């Protein structure tokens, strides 16, 4: 469900402008989905349920996947340090 459905468009908008607004709202929905999944914070513990393709920043002390502090990607089984 769109997070932007509650926005109402003026009925006086030209059809091409109305169509452009709808397209923009659909793209904003995609951005929201991505931003909900993107974590840009330092992790100091192994994530509870990592999903394939997720990226985390390990603090290297409390959580050290093997290469110290840095960015790690999860391939569905293992964490690999990204260079």
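The values are calculated or read from the model by the stated rules, or taken from the named source; none is laboratory data. Just so it is clear, the model here is predicted, and its values are computed rather than measured. Positions of Cβ are backbone-derived with ideal geometry, glycine not excepted, and every protein chain shown enters the neighbour counts.
Looking at this structure, is residue 4 at pLDDT below 95, within 22 Å of the chain's Cα centre (by Cα) and part of a strand (DSSP E or B)? The answer is no for residue 4.
Report the residue count in the stretch 15-53 for those that are at pLDDT below 90 and either farther than 20 Å from residue 83 by Cβ or part of a loop (DSSP other than H, G, I, E, B) (or both). The total comes to 27.
Take residue 67 and decide whether it is at pLDDT 90 or above, surrounded by 14 or more Cβ atoms within 10 Å (Cβ to Cβ) and either in contact with a helix residue (DSSP H, G or I) (Cβ under 9 Å, 6 or more places away or on another chain) or part of a loop (DSSP other than H, G, I, E, B) (or both). Yes, satisfied.
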